[in-house]
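Structure record follows, encoded as structure tokens.
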Amino acid sequence: MALEFRNVTKKFTTNAGDRLTAVSDVSFRVDEGEFVSVVGPSGCGKSTILSMTAGLYQPSDGEVLVSDAAVTGPNAHVGFMLQKDLLLPWRSIISNIEFGLEARGVAKAERRARAMKELEHCQLAGFDSHYPYQLSGGMRQRAALARTLAIDPEIILLDEPFSALDAQTKLLLQNSFAGTIAKTGKTTLLITHDLVEAVLMSDRILVLSERPGTVVAEIKVDLPKRDRPIERRVMPEVSDYAAQLFKHLKLEEKAA
Amino acid sequence: MTDTTQAVAGRSAPAAKAPASKGTRPMRLANPLYASLGLLVLVLLAWEFLPPALDVPKFIIPTLTDCLAELSRMWAFEGLLGHFLSTALYTVLGFAIGSLLGAVLGYLLGMSEFWEKVLSPYILALQIAPKVAFAPLFIMWFGYNAMPKLLVTVLIVFFPVLVNVLQAMRTVDRDLVNLARAYNLGRLGVFWKVEMPSTLPNLMAGLRIASTLAVIGVTVGELVGGNTGLGFLISYGGGQANAAMVFNAILLLTVIGYALYFALVKIETRVLHYLPRAEH
């Protein structure tokens, strides 16, 4: 078991002093090597789930387990990526990829070797001595993925990493991420608001309700080619899955 | 792989366009450099010929040739080189000490919200107080030597550097800091690997402002007291109604400030090479 949420509830106290329940009684499991997406209306606590997995804060109730151990703080098992690439502009791409390894006592030569390997995994070979401003948005996100993979995490958390990109770049990047992740066999949790993206990239999709977020549906995506979203895209079943998600999110009722 | 080739193509496209635009550049008559030089020649000519034509006496506005003659006299009989070097030395020294102190305090306060809040009203007060007004006080305390002008310079240079660094430390990207923490970096690691490099552009901007102020600090120090430096020559020349000497001293002070400023710009382009630069 790579990741498990056991009856997790998270309450916040807002600045106004009100108690706010972000997620309530969320339970799910993610198996090793699985790619699971979380979709839901905005403000349903998608990012709360991600932050609790990363150990940035603790659940109010219940337990979050990564590799069967309760998460108590930021840890080496989890690598996360945001919409922003967060590359350090003053570092070359290769030394950006090494960044996560530096505080872990990895020797310099080995750091460079591991970073070079991830650079190739992410199809950035030859761009090692470039600086972030010289790369396109899509390439920067791939460099950020390489940095995340370099620390060899057990789980990769992706928080809408494609949402700031144009449609074509997004498609190519989804494809490249899916290929890289499939090759490394990493367990992945993707937070997204793009329903088609969830269908194209996942083995399984969790649908959250409005706040307080709770899992209202779990959809197994029974389609081949998880590592090639571009090929999955043309399969007729994709729109059926998207329609299912649509229904679970009650989007039609809201539009009426 | 497709994406890589796309990027390579994207980089070569502007390169292919560049020769075309380069070809048209020498044809342009409105080159700013030529216009700038033309303006200089115009001003120098006006300076040389307008005052005599308007019957303005030499002790009010000396002409260009008067100033050049006075310059060689100052070189030969007033020990101009010594005065120039003294002023240049204390400008650089005061700038170095003042900006070092400003940067160090800026970073320390940037790392401690508590001390920043404790000290900020006093820093603001000192920043508002006109630093040059401290010069007579420093002369009373330290006498007619180089110390007062050094102190005025340090004081005047200190604040723009401090304020710029402090401001930059407050606006470091929180997500970057969180990322560094998630990668197990400690407080010092976060400072050296994220905060310090993030604030470099602001530090450099502060240093540039400070370099122009350093000349003012030294000049005021020399004007108020002492018997060396270009500032001293200004008050000495003024006392003798030798306007050409004052003109020359002002020009040389400007040269010192200019040199310091451009040295900093050179350093800045090297240090901040990773920032995309707007071309023209």
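Structure above, values below:
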{"item": "At least 20 Å² of accessible area lost relative to the chain alone, listed for the stretch A:71-105 with a 1.4 Å probe", "result": "A:Pro74, A:Phe80, A:Lys84, A:Leu86, A:Leu88, A:Pro89, A:Trp90, A:Phe99, A:Gly100, A:Glu102, A:Ala103, A:Arg104"}
{"item": "Relative contact order (percent, whole number), the stretch B:157-248, Cα cutoff 8 Å, 6+ residue spacing", "result": "27 percent"}
{"item": "Spacing of the two label points (7 Å from each Cα toward its C-beta) at B:Asp175 and B:Gln240, in nm", "result": "6.6 nm"}
{"item": "Selected from B:Gly229, B:Gly102, B:Gly143 as most flexible by GNM, with chain B as the system and alpha-carbon contacts under 10 Å", "result": "B:Gly143"}
{"item": "Computed [θ] at 222 nm, helices only, for chain B once each DSSP H run of length n ≥ 4 contributes -39500 (n - 2.57)", "result": "-27000 deg cm²/dmol"}
{"item": "Selected from A:Thr169, A:Asn96, A:Cys44, residue furthest toward positive end of dipole (chain A; charges at beta carbon)", "result": "A:Asn96"}
{"item": "For the stretch B:189-278, Kirkwood radius (reciprocal of mean inverse C-alpha pair distance, Å)", "result": "15.4 Å"}
{"item": "Relative pair counts by distance (%), Cα atoms of the protein assembly as shown, 10 Å bins", "result": "3, 14, 18, 18, 15, 12, 9, 6, 4, 1"}
{"item": "Over the stretch B:64-271, volume per residue of the alpha carbon convex hull, in Å³", "result": "130 Å³"}
{"item": "Buried solvent-accessible surface, both chains (A, B), 1.4 Å probe, Å² to nearest 100", "result": "2500 Å²"}
{"item": "Normalised alpha carbon radius of gyration of the stretch B:120-239 [divisor 2.2 N^0.38 Å]", "result": "1.43"}
{"item": "Out-of-range pairs (alpha-carbon distance over 19 Å; input A:Lys11/A:Lys247; A:Lys108/B:Lys193; A:Lys84/A:Lys170)", "result": "A:Lys11/A:Lys247"}
{"item": "Electrostatic dipole magnitude of the stretch A:14-93 [Cβ: Lys, Arg +1; Asp, Glu -1; Cα centre; debye, to 20]", "result": "420 debye"}
{"item": "Segment B:Leu45-B:Leu124, length gained on full extension (0.36 nm per residue, minus Cα span)", "result": "23.8 nm"}
{"item": "For chain B: relative contact order, % (alpha-carbon pairs under 8 angstrom, 6 or more apart)", "result": "23 percent"}
{"item": "Hull shadow area, averaged, the stretch B:89-146 [alpha-carbon convex hull, nm²]", "result": "4.9 nm²"}
{"item": "D_trans [Stokes-Einstein, Kirkwood Rh over alpha-carbon pairs] for chain A, 20 °C, 1.002 mPa s, µm² s⁻¹", "result": "113 µm²/s"}
{"item": "Computed log₁₀ I(q)/I(0) - Debye formula, equal Cα scatterers, no solvent, the stretch A:131-256, q 0.12, 0.16, 0.23 Å⁻¹", "result": "-0.49, -0.85, -1.47"}
{"item": "0 to 90° range, to nearest 10: angle between helix A:93-102 axis and chain A longest Cα axis", "result": "70 degrees"}
{"item": "Heavy-atom surface of the stretch A:87-152, accessible at 1.4 Å and reported per residue (Å²)", "result": "36 Å²"}
{"item": "Within a Gaussian network of chain B (alpha carbon springs, distance under 10 Å), most fluctuating of B:Gly238, B:Gly186, B:Gly225", "result": "B:Gly186"}
{"item": "DSSP H segments from chain B that extend 18 Å or more along their own axis, Cα-based, with Kyte-Doolittle mean of -0.5 or above", "result": "B:2-24, B:32-53, B:64-77, B:80-111, B:113-128, B:146-170, B:196-224, B:243-271"}
{"item": "Tilt relative to chain A, helix A:137-150 - C-alpha long axis, 0 to 90 degrees, to 10", "result": "90 degrees"}
{"item": "Relative contact order %, chain A, counting alpha carbon pairs below 8 Å whose residues are six or more apart", "result": "25 percent"}
{"item": "Helix A:167-184 axis, angle to chain A major axis (alpha carbon atoms, nearest 10°)", "result": "80 degrees"}
{"item": "Label-point separation in nm, A:Ala107 to A:Lys250, each point 7 Å along Cα→Cβ", "result": "6.0 nm"}
{"item": "Gaussian network model of chain B, springs between alpha carbon atoms under 10 Å - residue of B:Ser235, B:Ser112, B:Ser211 with greatest fluctuation", "result": "B:Ser112"}
{"item": "Cα-based radius of gyration of the stretch B:110-182 once divided by 2.2 N^0.38 Å, which approximates compact folds", "result": "1.53"}
{"item": "Debye log10 I(q)/I(0) at q = 0.14 Å⁻¹ for the stretch A:7-158, Cα point scatterers", "result": "-0.78"}
{"item": "For q = 0.11, 0.21 Å⁻¹, Debye-computed log10 I/I(0) when each Cα of the stretch A:87-152 counts as one equal scatterer", "result": "-0.19, -0.72"}
{"item": "A:Ala70 versus A:Glu210: modelled label distance in nm, points set 7 Å from Cα along the beta carbon direction", "result": "3.4 nm"}
{"item": "Extension gain from B:Ala76 to B:Phe142, taking 0.36 nm per residue of separation minus the Cα-Cα distance", "result": "20.6 nm"}
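The values are calculated or read from the model by the stated rules, or taken from the named source; none is laboratory data. Note that the structure is a prediction, hence the values are computed from the model and not measured. Every residue, glycine as well, gets a Cβ built from its backbone with ideal geometry; the counts of neighbours run over all protein chains shown. The accessibility values were calculated without ligands, DNA or RNA, using every heavy atom of the protein model including side chains. Shrake-Rupley method; radii C 1.70, N 1.55, O 1.52, S 1.80 Å.
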